[in-house]
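Below is one structure, written out as structure tokens, with a few remarks after it.
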Number of protein chains: 2
Amino acid sequence: MKKVIYFLSLFIITAVSAQKTDEEQLKDIYDAALTKSKAYDWLNYLSNQIGGRLSGSVQAQQAVDYTKLQLDELGLDKVWLQPVMVPKWNRGLPEFAYFESDPGVTTNVPICALGGSVATPLGGLKANVVEVKSLDDLAILGKQRLEGRIVFFNRPMDPTNISTFDAYSGCVDQRYAGAAEAAKYGAVGIIVRSMNLRLDDLPHTGTMSYGDLAINKRIPAAAISTNAADLLSLSLRLNPDISFYFKQNCEQFDDVQSYNVIGEIKGTTTPEEIMVVGGHLDSWDLGDGSHDDGAGCVQSMEVLHLLKESGYKPKRTIRVVLFMNEENGLRGGNKYAEVAKSKKEKHVFALESDSGGFTPRGFSFDCSEENFIQVQSWKPLFEPYLIHMFVKGHSGADIGPLKDDQMVLAGLRPDSQRYFDHHHAANDTFEHVNKRELELGAASMASLIYLFDKYGVIAAK
Amino acid sequence: MKKVIYFLSLFIITAVSAQKTDEEQLKDIYDAALTKSKAYDWLNYLSNQIGGRLSGSVQAQQAVDYTKLQLDELGLDKVWLQPVMVPKWNRGLPEFAYFESDPGVTTNVPICALGGSVATPLGGLKANVVEVKSLDDLAILGKQRLEGRIVFFNRPMDPTNISTFDAYSGCVDQRYAGAAEAAKYGAVGIIVRSMNLRLDDLPHTGTMSYGDLAINKRIPAAAISTNAADLLSLSLRLNPDISFYFKQNCEQFDDVQSYNVIGEIKGTTTPEEIMVVGGHLDSWDLGDGSHDDGAGCVQSMEVLHLLKESGYKPKRTIRVVLFMNEENGLRGGNKYAEVAKSKKEKHVFALESDSGGFTPRGFSFDCSEENFIQVQSWKPLFEPYLIHMFVKGHSGADIGPLKDDQMVLAGLRPDSQRYFDHHHAANDTFEHVNKRELELGAASMASLIYLFDKYGVIAAK
């Protein structure tokens, strides 16, 4: 009889623990994130032991090796590298720039080459500078006013936009397409105001494209700091004849071998349904890429760690993907989707964190109305954790190529106010990431993954 | 006829501009905050030109003079200083501490005196150390174990508490009452783990009280950094015979004259109804008091600036109050309430910002159910600005003494995750305040003031 009672008790305990409510499961996830997380230590290593991880660099490879090792140590069901060829662009020696308002009267300007730009001639490039506020201004000014000039794109991010990402979207065409467009009017180079809401002395790099412009038509493109942009603009109002000098030494090499880093926990009941969580392992080279996107990588790794820590056994396969080359090519995201399609894998949900490691505010969803209704029903579960934004919108660049009608794509939405102070600049560094904020983001992601795993994705049923 | 049309047009324009919707008014307030705010420049001056503003210090007086001058320049209807006597406690020469695990084997410890503590003897204080986790532990250990010892209070803030203020409340009794309680058991001094969720090397000061303990029974009290607390705790597990040495040179002086700084815009229709917005001008002395509470002061000043900038003419009197001596005495808050009562002033609403200059998340309200329902009806107006927390709770220490049943008291609730990294420590400095986050807080406060002014406070009708 005693034995029966003993086993009965054991059974009850097991049954009770198996019946954890969603509230309890989320509490366990958040508690684990705030007390046992590995995310901050991982980020410390990525940022301070490795540093900036530009595609094709030694550091990018070190990051592949390091994160694979860390995933191996989590005891996942499978960890592997997915080969992908990536572009290799190198900044070379530090850039240098000044403007000359009167002969011999020069002011140095903080500058950095845009990613993918060509170099200036060896001795640098010097020309008169013409300020514009948009790509459309080029046609208005025309070849007569632009030929032989350096075009200065100076439309600032709109500070009244509460979403700094929207303010960024409203400006970034200058950086991305400015050189290709200005070259059509005979400009010899472009400089662009850094995509930064703050007035400071740091130039912010970022990707740009020459489109289909022939190689011999390509002109060098660089970003200058916001303070320098304001100073140059004011100086041009006083004296339109200012000349600008810059020298940069960047170079594009042949593509090189690199990898997406992938790990998974196999689902217990429907392992063929795959849910992806990820960030991108590459970064720009000026800082150490802590917010963009070291944070998203370690949070994604942490999601699997937290699910294990909280004792949850997913029904579906949960896969972490650290994508290579988001910044200047998206090769990793494209390769992952290509392989998934060729293997006929069934992806039902993908979640990306690529908006910085700040306090999470919610998620944006790229999905059907039906799925969005499902997601909103979970909102009250997140209220104790101050997660309040469930909106429709962009998910993430790396998971975008996976998109189909059946899937839900989502992006973590952290507080965005500080993000562009650091984005693609030398101050995107570890000390600007707060440990708790990073961990709360990881917990929010793990909670969403848990809910999609438990209840399934409606359209995918 | 032309003249008639002209005046008619003028009338229509005026009428239309007078009929601004709440949505438009809030948009104007937020736009002005993000483009024309003076708050960040004011904070720069308070933090970098003046610095820490301990009650009774020269810097506190400089801050009084500076902020009065700035309010004068805003063109308010009235600006004045309200005299208040404040305690004057001085840290003296830097503190020094170590623990000795074996004779001659010492480890230096980052330490700071708690505000209001007595000094150690001139040559310092050395005694064996006993670790406890709570005030209750003292009775369990008793006089036998505590007499002649230094008590080490080491209960950490609970990292799983999403509200870091709640985690702080759960620990701060050790700092506030630890010395008074330990002295009853014959302890010769206390050290307390800093109120900080982060592991680092910065000690965090803060106020403490000896209660009714006779002056000759008072024992010195200090905080040590979280890293040092962990190291000492581990060392005590290895060797319970560790002795701790510390020397501090702080001193309490006689009360000195100081001031609350007050400015107001007179109401157009019911000027006798007063709405207060404020923060506290004093700070601790280790940092420059940027988050605690320089931010709250400049945001409160900015509220009046924003209302003027947006062209809003309040019906009620809007008063900014920069309270003196919140940190170690609350004399300014008490004095303000005392004067208000003696003058039979009718305060209908008071709002305090004293939780740091981080991204605003909402407000807490100390008010009747009826008023809380009114407030919640405004929530949708704040959604575009990502203000989502309207909760009942604590408002602010300085406005607390004003409380009566007719009023609404409120506190700004910014994101709290980073706050205790800086609170009362040497790193509460200007560079940790983000301009936009500060401005968004000011705009949120101005918007709430606007709504209460326009619709009135129900209970006060």
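The values are calculated or read from the model by the stated rules, or taken from the named source; none is laboratory data. From a predicted model like this one, the values you see are computed outputs, not experimental measurements. Counting neighbours? That spans all protein chains shown, and the Cβs are built from the backbone with ideal geometry, glycine included. Note: areas computed on protein heavy atoms with side chains; ligands, DNA, RNA excluded. Shrake-Rupley method; radii C 1.70, N 1.55, O 1.52, S 1.80 Å.
Quick check on segment B:49-91: of everything there that is of a type in the set (S, T, N, Q) and assigned to a helix (DSSP H, G or I), which residue is most open to solvent (accessible area, probe 1.4 Å)?
If we filter segment B:49-91 for residues that are of a type in the set (S, T, N, Q), which is where we start, we get B:49, B:55, B:57, B:59, B:61-62, B:67, B:70, B:82, B:90.
When the remaining residues are screened for being assigned to a helix (DSSP H, G or I), the result is B:49, B:59, B:61-62, B:67, B:70.
Numbers: B:Q49: 122, B:Q59: 68, B:Q61: 61, B:Q62: 84, B:T67: 1, B:Q70: 33 Å².
In this case the residue turns out to be B:Q49.
Against the definition (in contact with a strand residue (DSSP E or B) (Cβ under 8 Å, 6 or more places away or on another chain), open to solvent by 10 Å² or more (accessible area, probe 1.4 Å) and among the polar types (S, T, N, Q)), how does B:N434 come out, yes or no? Spell out how you get there, then give the answer.
Values: in contact with a strand residue (DSSP E or B) (Cβ under 8 Å, 6 or more places away or on another chain): no; open to solvent by 10 Å² or more (accessible area, probe 1.4 Å): yes; among the polar types (S, T, N, Q): yes.
Criteria not met by B:N434.
Could you grab the pairs with beta carbons closer than 7 Å, sequence gap of 6+ or different chains, first residue in segment A:205-217 and not assigned by TED's automatic domain parsing to the domain that holds A:F420, second one open to solvent by 30 Å² or more (accessible area, probe 1.4 Å) and assigned to a loop (DSSP other than H, G, I, E, B)?
A:T205/A:L286; A:Y210/A:R218
Looking only at segment A:21-80, count how many residues are under 20 Å from A:A426 (Cβ atoms) and either modelled with pLDDT under 95 or within 14 Å of chain B (Cβ to nearest Cβ) (or both).
So the count comes out to 1.
Let me confirm something: among B:I150, B:I111, which residue is in the same structural domain as B:Y185 (by TED's automatic domain parsing), farther than 25 Å from B:D212 by Cα and of a type in the set (A, V, I, L, M)? Before the answer, list the steps.
Details: B:I150 fails: farther than 25 Å from B:D212 by Cα.
Every option except B:I111 fails the conditions.
Only residues that are within 11 Å of chain A (Cβ to nearest Cβ) and in contact with a Leu (Cβ under 6 Å, 6 or more places away or on another chain): list them for segment B:404-426, please.
Result: B:F420, single match.
Mind checking which pairs have a first residue in segment B:371-395 that is assigned by TED's automatic domain parsing to the domain that holds B:A410 and open to solvent by less than 30 Å² (accessible area, probe 1.4 Å) and a second that is in a loop (DSSP other than H, G, I, E, B) and among the charged types (D, E, K, R), Cβ under 6 Å, 6 or more apart or different chains?
Matching pairs, first to second residue: none at all.
Mind telling me which of the residues B:L306, B:L281 ends up being within 11 Å of the chain's Cα centre (by Cα), in the same structural domain as B:K435 (by TED's automatic domain parsing) and of a type in the set (A, V, I, L, M)? Don't jump to the end; show me each part of the working.
Values: B:L306 fails: within 11 Å of the chain's Cα centre (by Cα).
Being within 11 Å of the chain's Cα centre (by Cα), in the same structural domain as B:K435 (by TED's automatic domain parsing) and of a type in the set (A, V, I, L, M) holds for just one of B:L306, B:L281, which is B:L281.
Could you check, for segment A:445-452, whether at least one of its residues is open to solvent by less than 10 Å² (accessible area, probe 1.4 Å), under 23 Å from A:K38 (Cβ atoms) and either of a type in the set (G, A, S) or within 13 Å of chain B (Cβ to nearest Cβ) (or both)?
yes
State whether the residues of segment B:428-443 include one that is over 26 Å from B:L281 (Cβ atoms) and at pLDDT 95 or above.
First pass over segment B:428-443, keeping only residues over 26 Å from B:L281 (Cβ atoms): none.
No: zero hits.
Which residues, counting only those in segment B:372-398, are of a type in the set (A, V, I, L, M, F, W, C), over 20 Å from B:T207 (Cα atoms) and more than 14 Å from chain A (Cβ to nearest Cβ)? It would help to see each step written out before you state the result.
Here is the first cut: in segment B:372-398, the residues of a type in the set (A, V, I, L, M, F, W, C) are B:372-373, B:375, B:378, B:381-382, B:386-387, B:389-391, B:397.
Subsequent filtering for residues that are over 20 Å from B:T207 (Cα atoms) retains B:372-373, B:375, B:378, B:381-382, B:386-387, B:389-391.
Selection gives B:F372, B:I373, B:V375, B:W378.
Please indicate, with yes or no, whether at least one residue in segment A:237-245 is touching a Gly at 6+ places or on another chain (Cβ under 7 Å), among the β-branched types (V, I, T) and either free of Cβ contacts under 8 Å to residues at least 60 places away in the same chain or under 30 Å from A:N108 (Cα atoms) (or both). Steps first, please.
Taking segment A:237-245 and keeping what is touching a Gly at 6+ places or on another chain (Cβ under 7 Å), we get A:245.
Going one step further and asking which of them are among the β-branched types (V, I, T), we end up with none.
Within segment A:237-245 (the criterion being touching a Gly at 6+ places or on another chain (Cβ under 7 Å), among the β-branched types (V, I, T) and either free of Cβ contacts under 8 Å to residues at least 60 places away in the same chain or under 30 Å from A:N108 (Cα atoms) (or both)), the answer is no, since none of the residues qualifies.
Open to solvent by 20 Å² or more (accessible area, probe 1.4 Å), farther than 30 Å from B:Q19 by Cβ and at pLDDT 95 or above: which single residue out of B:A228, B:A214, B:A295 fits that description?
On inspection, the qualifying residue turns out to be B:A214.
Determine whether segment A:174-193 contains at least one residue that is closer than 30 Å to B:D28 by Cβ, basic (K, R) and open to solvent by less than 40 Å² (accessible area, probe 1.4 Å).
So the first thing to find is which residues in segment A:174-193 are closer than 30 Å to B:D28 by Cβ, and the list is A:174, A:193.
Right, trim to basic (K, R) and you get A:193.
Filter once more, keeping what is open to solvent by less than 40 Å² (accessible area, probe 1.4 Å): A:193.
Checked segment A:174-193: at least one residue is closer than 30 Å to B:D28 by Cβ, basic (K, R) and open to solvent by less than 40 Å² (accessible area, probe 1.4 Å).
Give all pairs with beta carbons closer than 9 Å in which a residue from segment A:160-172 that is at the interface with another protein chain (Cβ under 9 Å from one of its Cβ atoms) and within 15 Å of A:R413 (Cβ to Cβ) meets a residue that is of a type in the set (K, R) and in a helix (DSSP H, G or I); count only pairs at least 6 apart in sequence or on separate chains.
Qualifying pairs under 9 Å: A:T164/B:R436.
Mind checking whether some residue in segment A:131-145 is within 21 Å of A:A229 (Cβ to Cβ), away from chain B (no Cβ under 14 Å) and in a strand (DSSP E or B)? Outline the logic, then answer.
Just the residues of segment A:131-145 that are within 21 Å of A:A229 (Cβ to Cβ), to begin with: A:131-138, A:140-141, A:145.
Narrowing the set further to residues that are away from chain B (no Cβ under 14 Å) leaves A:131-138, A:140-141, A:145.
Filter once more, so that each one left must be in a strand (DSSP E or B): A:131-132.
Yes, some residue in segment A:131-145 is within 21 Å of A:A229 (Cβ to Cβ), away from chain B (no Cβ under 14 Å) and in a strand (DSSP E or B).
When B:F430 is evaluated against the numbered criteria (1) farther than 25 Å from A:T164 by Cβ; (2) away from every other protein chain (no Cβ under 11 Å), which criterion, by number, is the only one it fails?
All conditions are met except number (1).
Of a type in the set (V, I, T), touching a residue at least 60 places away in the same chain (Cβ under 8 Å) and surrounded by fewer than 18 Cβ atoms within 10 Å (Cβ to Cβ): which single residue out of A:T107, A:T35, A:T21 fits that description?
A:T107 is the lone residue from the list that is of a type in the set (V, I, T), touching a residue at least 60 places away in the same chain (Cβ under 8 Å) and surrounded by fewer than 18 Cβ atoms within 10 Å (Cβ to Cβ).
Check segment B:166-177 and report whether any residue there is touching a helix residue (DSSP H, G or I) at 6+ places or on another chain (Cβ under 9 Å) and in a loop (DSSP other than H, G, I, E, B).
no
Mind listing whichever residues of segment A:409-461 are of a type in the set (K, R), closer than 20 Å to A:P314 by Cα and assigned to a helix (DSSP H, G or I)?
Across segment A:409-461, the qualifying residue is only A:K454.
In the set B:P401, B:P414, which member is assigned by TED's automatic domain parsing to the domain that holds B:M301 and touching a Ser or Thr at 6+ places or on another chain (Cβ under 7 Å)?
On the way: B:P401 fails: touching a Ser or Thr at 6+ places or on another chain (Cβ under 7 Å).
Just a single option satisfies the conditions, and that option is B:P414.
Would segment B:433-445 turn up any residue that is charged (D, E, K, R) and in contact with a Gly (Cβ under 8 Å, 6 or more places away or on another chain)? Can you show your working first?
So the first thing to find is which residues in segment B:433-445 are charged (D, E, K, R), and the list is B:435-437, B:439.
Retained after the next criterion (residues that are in contact with a Gly (Cβ under 8 Å, 6 or more places away or on another chain)): B:437.
Within segment B:433-445 (the criterion being charged (D, E, K, R) and in contact with a Gly (Cβ under 8 Å, 6 or more places away or on another chain)), the answer is yes, since at least one residue qualifies.
Among the residues of segment A:97-118, how many are in a strand (DSSP E or B) and more than 30 Å from A:Y259 (Cα to Cα)?
Of the residues in segment A:97-118, the ones in a strand (DSSP E or B) are A:97-102, A:105-108, A:111-113, A:115.
Add one more test, that the residue is more than 30 Å from A:Y259 (Cα to Cα), and what stays is A:97-102, A:105-108, A:111.
Result for segment A:97-118: 11.
Out of curiosity, is B:P401 open to solvent by 20 Å² or more (accessible area, probe 1.4 Å), within 14 Å of chain A (Cβ to nearest Cβ) and farther than 25 Å from B:T164 by Cβ? Outline the logic, then answer.
On the way: open to solvent by 20 Å² or more (accessible area, probe 1.4 Å): yes; within 14 Å of chain A (Cβ to nearest Cβ): no; farther than 25 Å from B:T164 by Cβ: yes.
No; evaluated as a whole, the condition is false for this residue.
Does B:F363 satisfy being closer than 20 Å to A:D415 by Cα and within 13 Å of chain A (Cβ to nearest Cβ)? Walk me through how you get there before you give the answer.
Working: closer than 20 Å to A:D415 by Cα: yes; within 13 Å of chain A (Cβ to nearest Cβ): no.
Criteria not met by B:F363.
From the list B:P121, B:P156, B:P94, which one is assigned to a loop (DSSP other than H, G, I, E, B), open to solvent by 10 Å² or more (accessible area, probe 1.4 Å) and within 14 Å of another protein chain (Cβ to nearest Cβ)?
Details: B:P121 fails: within 14 Å of another protein chain (Cβ to nearest Cβ); B:P94 fails: within 14 Å of another protein chain (Cβ to nearest Cβ).
The conditions single out B:P156.
Condition check ((1) β-branched (V, I, T); (2) more than 25 Å from the chain's Cα centre (by Cα)) across all residues:
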{"position": "A:S310", "(1), (2)": "no, yes"}
{"position": "A:E338", "(1), (2)": "no, no"}
{"position": "A:K344", "(1), (2)": "no, yes"}
{"position": "A:G362", "(1), (2)": "no, no"}
{"position": "A:I373", "(1), (2)": "yes, yes"}
